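Novice: Sharing a structure here in structure tokens format.
The values are calculated or read from the model by the stated rules, or taken from the named source; none is laboratory data. Everything quoted here is computed from the prediction, not taken from an experiment. Please note: Cβ atoms are built from the backbone with ideal geometry, for glycine as well, and neighbour counts cover all protein chains shown.
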Amino acid sequence: MRLSTKGHYGLKAMFDLAMHYGSEPIPLKTVAERQGISENYLEQLIAVLRKVGLVKSVRGAQGGYILAKPPSAIKVGDVVRALEGPIAPLECVSEHEPASCDKIDCCISRVIWARVRDSIAEVLDSITLEDMCRDAQKKLDS
């Protein structure tokens, strides 16, 4: 399974919003500049993240974006699934709607790919944006 720029850049943007959680709304232009992401591309990603309820937009002169929930309540897996879809190294072991396969009863490799999927999901769901912020702060302090 390979993550696309949607998941990569979307997580960077969410991390940026988490690092500034509790302050004023942040304009997309600011996030784009700090994270080295095209503002136009970031607009597309933020639209998806807003639609699934991970970010909120604030209109007006001091407007921008904020996290819809505290960083401790947003898992990396939430962001990745919102932007990339279900976690699955192969369609036949997709988290939500596995593709049908006529060899499901005798396919030994399916078990392996399901374990890979579960391992990836476990890691992504064990890390919150708050964890990322704490790790970033430790790097800055050392």
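Novice: Could you tell me whether GLU91 is over 28 Å from VAL55 (Cα atoms), under 22 Å from the mean Cα position of the chain (by Cα) and at pLDDT below 90?
Specialist: Yes, satisfied.
Novice: Which of the residues that make up segment 37-88 are in a loop (DSSP other than H, G, I, E, B) and in contact (Cβ under 8 Å) with a residue 24 or more places away in the chain?
Specialist: ILE37, VAL52, LEU54, GLN62, GLY63, PRO70, ILE74, ILE87, ALA88
Novice: Also: State whether the residues of segment 48-70 include one that is over 22 Å from ALA136 (Cα atoms), modelled with pLDDT under 95 and of a type in the set (A, V, I, L, M, F, W, C).
Specialist: Within segment 48-70, one or more residues are over 22 Å from ALA136 (Cα atoms), modelled with pLDDT under 95 and of a type in the set (A, V, I, L, M, F, W, C).
Novice: Go through (1) within 14 Å of PRO71 (Cβ to Cβ); (2) at pLDDT 95 or above one by one and return the number of the condition GLU43 breaks.
Specialist: Unmet for GLU43, out of (1) within 14 Å of PRO71 (Cβ to Cβ); (2) at pLDDT 95 or above: (1).
Novice: I would also like to ask the following. Which ones in segment 98-142 are surrounded by 13 or more Cβ atoms within 10 Å (Cβ to Cβ), small (Gly, Ala, Ser) and at pLDDT below 80?
Specialist: Once the filter is applied, which keeps residues that are surrounded by 13 or more Cβ atoms within 10 Å (Cβ to Cβ), small (Gly, Ala, Ser) and at pLDDT below 80, segment 98-142 yields nothing.
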